[in-house]
Amino acid sequence: MRKVIFFLLVLSVFQSYSQQLLDENIQNLIEVYAEKKEINCEITIDIEIEGMQIPQKVITVNFEEGKKPKVKGKGLALVPKKGMINQFNELFNTPLQAIKMDENGEELDYKLVSLINSSEWVTADIRFNSITNQIFESTINTRKHGTIKAKHSYKEYEYPIRSILTFDVKKFKVPLRFIGRQNQNIDLPNGDDQVQGKIVLQYRYIDE
Amino acid sequence: MIRLVQIELIKLFRSTRTYLTFGITLVLMLIIDLGLYSDGDELFNYLLQSINDYFYLEGNLVNGYLISYLALNTLWVHIPTLIVIVTAHIFSSEFEQGTIRLLLTQSASRGECLMAKFICMILYVICFMIVVALSALIPSVMIFGTGDVPVFIDGIQFIQESSFLSRFWKTLMFSTIAMVAFSSLAMAFAIWFRNTLTAVLVVLGLLIVLTLLQTFVFGIFSSWQPFLFSYHIAKWQLFFMSDIPMPSIWNSVYYLIGMTFICYVVTYIKFNKMNISE
């Protein structure tokens with residue numbers, strides 16, 4: 001029991017110490033992104049994944065910290081589970097360790113490492129502007145959803161107006177008994193066929 | 001000619017089997033609606049599980065349009081079966097009931113008699129397809145509402161709600177042409193065998209065998225596909241692709257119209273040469 005208490009004490013001390021170690025640039029990002037608890041925006045979604053043909057969709061989304069996004073829109077919409085703007089909130093609300101990798105004027109490269117097992121992300125590489133706090137590129141390794149690369153474009157707001165997400169996705173397979181007879185090339189399941197998925201998201205912030 | 005068609009229609013709509021086929025269609029559609037009402041969400045979550053790993057699927061997935069699309073899958077076997085039971089009977093009933101001699105002693109020529117039956121067959125197929133369309137669409141939309149339709153052709157395609165109805169009606173028009181062609185084959189066999197049951201069995205046997213051959217696409221049968229009528233009948237699915245391949249559909253329309261014409265000519269020759277005392 002003593003050992004467990006000691007271990008937990010060391011862990012919590014280490015965790016708080018590591019938080020204190022975060023430099024000013026990361027602290028600024030945490031201030032900008034972790035404190036934004038709710039975002040309302042209109043998103044235009046274009047999905048390009050081999051084996052899927054999905055028309056462009058415009059949806060209105062309410063992101064609230066720790067909750068599943070609330071989506072309003074016409075028809076069926078596929079909303080990415082990871083890589084959207086709520087990802088920033090999720091990243092900077094997690095106890096993390098930040099390592100500076102590169103610096104090029106105002107542009108900084110950092111590697112973030114999650115310090116808790118319960119977070120959905122494990123590590124993240126981000127490139128951001130230290131003055132505007134805008135994150136231009138991120139590569140996030142998640143526990144469940146693989147690696148998601150994102151490139152963000154900005155106008156003035158600290159949240160992007162356009163994001164391009166790329167990720168590896170299992171090739172879509174329909175169980176054989178559901179395959180339509182016009183499927184000329186019956187593609188039998190073959191292990192974990194991975195294809196690259198690309199999603200282009202265009203944001204219009206309602207409470208901007 | 002109009003009088004002859006009217007007589008044929010009276011005979012058709014006084015037959016119990018005509019109403020039975022309509023009744024069975026309604027029951028079929030009801031079963032599809034009930035089945036998807038109870039298990040639809042589970043079924044589609046299973047089908048879309050690989051998508052669910054990466055996306056939240058928002059919106060009304062199991063909707064009336066999706067169910068109507070699924071109901072169209074009865075075009076593979078159920079609808080052709082019900083249709084040929086009636087259409088083969090239009091031609092062979094005269095032999096079975098012994099009224100063929102009476103029919104051929106009328107002032108109308110054999111060609112006119114055959115044409116009247118042929119027109120009656122087309123009208124029945126049109127009526128039947130309208131019943132299929134309305135029974136597939138109206139109850140499901142009333143119960144489940146409308147929405148986008150995920151279609152499993154070459155992967156997955158999401159058909160937008162706004163374009164669904166035009167695709168649905170085009171599918172039914174195409175299928176009507178296909179069912180007329182299939183019924184023409186039944187007509188030819190009905191005149192040949194002079195028996196409804198034999199004609200129905202032969203035509204359905206052909207449909208099953210050709211569909212099986214068509215399914216073996218990765219074997220030697222792939223080059224035969226364009227010659228199989230089952231291949232062309234199945235083209236209704238293409239109306240639910242994101243980009244509808246119209247040239248391919250038109251090819252099938254020409255094939256099916258040609259097939260109807262050939263069946264009609266063969267039946268006409270056989271019927272004209274038929275000895276009245278046979």
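The values are calculated or read from the model by the stated rules, or taken from the named source; none is laboratory data. All of these numbers come straight from a predicted model, not from anything done at the bench. Cβ placement follows ideal geometry from the backbone for every residue including glycine, while neighbour counts extend to all protein chains displayed. Note: accessible area is taken over every heavy atom of the protein model, side chains too, but ligands, DNA and RNA are not part of it. Shrake-Rupley method; radii C 1.70, N 1.55, O 1.52, S 1.80 Å.
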Review point. Over segment A:21-172, what is the relative contact order in whole percent, taking alpha-carbon pairs under 8 Å and six or more residues apart?
Key: 16
Point to revise | Two-site label geometry, residue A:137 and residue A:153: point separation in nm, points 7 Å out along Cα→Cβ | key: 1.7
**Study point:** Computed Rg/Rh of segment B:173-278, alpha carbon atoms with Kirkwood Rh
**Key:** 1.04
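Using the Kirkwood formula on the Cα atoms of segment A:21-111, what hydrodynamic radius do you get, in angstrom to one decimal? Don't jump to the answer; show the numbers that get you there.
Values: mean 1/r = 0.0648 Å⁻¹.
Kirkwood radius, segment A:21-111: 15.4 Å.
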Check your understanding: For residue A:100, which aspartates and glutamates qualify as cross-link partners when the Cα separation must be under 14 Å and same-chain residues fewer than eight apart are set aside?
Key -> A:23, A:24, A:109, A:125
Study note, to complete from the structure: Quick shape summary for the protein assembly as shown, equivalent ellipsoid via Cα gyration tensor, semi-axes whole Å in descending order, reads 65, 20, 19
**Study point:** On Cα atoms only, tilt of B:78-96 relative to the major axis of chain B in degrees
**Key:** 10
Study note, to complete from the structure: Once the in-chain neighbours fewer than 8 apart are removed, the lysines whose Cα is under 17 Å from residue A:67 read A:36, A:37, A:81, A:82
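How large is the dipole of segment B:2-273 about the Cα centre if only Lys and Arg carry +1 and Asp and Glu carry -1, each at its Cβ, rounded to the nearest 20 debye? Kindly include the intermediate steps, with their values, before the conclusion.
On the way: 13 positive and 14 negative charges, 352 e Å.
Dipole about the Cα centre, nearest 20: 1700 debye.
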Revision key, fill the gap. Cα-based Rg/(2.2 N^0.38 Å) for segment A:21-172, rounded to two decimals, is 1.05
Review point. Rg and Dmax of segment B:2-273 over Cα atoms: what are they, in angstrom?
Key: 20.5, 73
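So for chain B, if I pair up every lysine 8 or more residues apart or on another chain, how many of those pairs have alpha-carbons under 30 Å apart?
Values: B:11/B:117; B:11/B:270; B:11/B:273; B:117/B:170; B:117/B:235; B:117/B:270; B:117/B:273; B:170/B:235.
Taking the Cα cut-off of 30 Å, the pair count is 8.
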Review point. Using alpha carbons only, what's the Rg to Rh ratio of segment B:16-85 with Rh from Kirkwood?
Key: 1.12
Practice item. With a point put 7 Å past each Cα toward its Cβ, work out how far residue A:100 is from residue B:142 in nm, to one decimal. Key: 7.1
Review point. Using a Gaussian network model of chain B with C-alpha springs under 10 Å, which one of B:179, B:29, B:115 is most mobile by mean-square fluctuation?
Key: B:115
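Counting other Cβ atoms within 10 Å, keep those with at most 12, restrict to DSSP loop, and tell me which chymotrypsin sites (Phe, Trp or Tyr not before Pro) in segment B:44-73 are left. Can you show the working numbers first?
Working: sites: B:44, B:46, B:54, B:55, B:56, B:65, B:69; in loops: B:54.
Loop-located and lightly packed - none at all.
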Practice item. Identify, among A:47, A:27, A:140, the residue whose Cα sits farthest towards the positive end of the charge dipole of segment A:21-172, taking +1 on the Cβ of Lys and Arg and -1 on the Cβ of Asp and Glu, with the dipole about the Cα centre. Key: A:47
Check your understanding: Put +1 on the Cβ of each Lys and Arg and -1 on the Cβ of each Asp and Glu in the protein assembly as shown; which of A:69, B:200, B:50 then has its Cα farthest toward the positive end of the dipole?
Key -> B:200
Review point. With the dipole of the protein assembly as shown worked out from charges on the C-beta (+1 for Lys and Arg, -1 for Asp and Glu) around the Cα centre, which of A:167, B:246, B:60 lies farthest toward the positive end?
Key: B:246
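Please give the charge dipole size of segment B:123-278, origin at the Cα centre, charges +1 on K and R Cβ atoms and -1 on D and E Cβ atoms. Round to the nearest 20 debye. Display every interim value, and only then the final one.
Numbers: 6 positive and 5 negative charges, 102 e Å.
Charge dipole of segment B:123-278: 480 debye, to the nearest 20.
Ignoring ligands, DNA and RNA, how much accessible area is buried between chains B and A, both sides summed, with a 1.4 Å probe, to the nearest 100 Å²?
Details: alone 14190 and 13350 Å², together 23970 Å².
Approximately 3600 Å² gets buried when B meets A.
Over all residues in A:39-50, what is the mean tally of Cβ atoms on other chains that come within 10 Å of each residue's Cβ?
Shielding by partners across A:39-50 averages 1.
I'd like the projected area of segment A:83-134, averaged over all directions, using the convex hull of its alpha carbons. Report it in nm² with one decimal.
Reported value for the Cα convex hull: 3.6 nm².
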Exercise for review: Give me the accessible area of residue A:101, 1.4 Å probe, in Å² rounded to the nearest 10.
Suggested key: 110
Review point. If contacts are Cα pairs under 8 angstrom and at least 6 residues apart, what is the relative contact order of segment B:2-273 in percent?
Key: 24
